[in-house]
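The values are calculated or read from the model by the stated rules, or taken from the named source; none is laboratory data. Everything numeric here is computed off the predicted structure, so don't read it as measured data. Every residue, glycine among them, receives a Cβ derived from its backbone with ideal geometry; neighbour counts consider all protein chains shown.
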Amino acid sequence: MRNRQRGIAAITLIVTAVGVAACTDANQSTTTEPVADPQAIVGTWLLESITAAGELYPIPVDHPRTEDFPAPAAFEFTDDNFLNGWGVCNDFRIEYQFDGRLLTLQNRYFTLLLCSETEGLMEAEDLIFGLLMRDQVAVAFSGPDAQVLELSGGEVLLTLRRAT
């Protein structure tokens, strides 16, 4: 009887150890998922959409910026780690680091002009700049040749398309 109890205890220990190892491997695999090449973000990206709290936010297109530019907002990631661009109304310059998954933002500079009276402009800019004020922003690439860039943090998701 004692040998049987020892055998059961040994089997239980082995099953537990295998289960723990399997859980550990599963956890490790989620942290070692493929990351983008940090240089993949370099270039100019044009705003396509804003999603806030799961809802698509309408971006006003009839305003002074869209007279001269093909998008209501643009983001230029330089190879010397600056993010330059414009929101719907104001310009920005931000230092960044990109590790292939997360964008770390610091030393932000924004112009502080009022938006025109077009309905929704200030709200759209608040959503964009609110995301850019976060210390870290999640990054995902999609589409053919990674031509779509998603920046997300909190309840805001910006979808950008690489400028051609």
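Tabulated data for the structure shown
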| item | result |
| --- | --- |
| Filtered residues of segment 94-131 (kept if free of Cβ contacts under 8 Å to residues at least 24 places away in the same chain and either closer than 16 Å to Leu149 by Cβ or loosely packed, with under 15 Cβ neighbours inside 10 Å (or both)) | Glu95, Tyr96, Gln97, Asn107, Tyr109, Thr111, Leu112, Glu117 |
| Unmet criterion (only one of (1) under 11 Å from the mean Cα position of the chain (by Cα); (2) closer than 15 Å to Ala73 by Cα; (3) surrounded by fewer than 20 Cβ atoms within 10 Å (Cβ to Cβ)) for Asn90 | (1) |
| Selection count, segment 129-147, where residues are more than 12 Å from the chain's Cα centre (by Cα) and closer than 26 Å to Cys89 by Cβ | 3 |
| Verdict on Leu160 being out of contact with any Pro (no Cβ under 7 Å at 6 or more places or on another chain) and of a type in the set (A, V, I, L, M, F, W, C) | yes |
| Test result for Ala73, in contact with a strand residue (DSSP E or B) (Cβ under 9 Å, 6 or more places away or on another chain), touching a residue at least 12 places away in the same chain (Cβ under 8 Å), more than 14 Å from Trp45 (Cβ to Cβ) and buried (at least 16 other Cβ atoms within 10 Å of the Cβ) | no |
| Spans of strands (runs of 3 or more DSSP E) in segment 46-164 with at least 1 residues among the basic types (Lys, Arg) and under 30 Å from Val35 (Cβ atoms) | 91-98, 102-110, 156-162 |
| Count of residues meeting criterion [farther than 15 Å from Ser152 by Cα, modelled with pLDDT of 95 or more, touching a Gly at 6+ places or on another chain (Cβ under 8 Å) and of a type in the set (A, V, I, L, M, F, W, C)] in segment 74-108 | 2 |
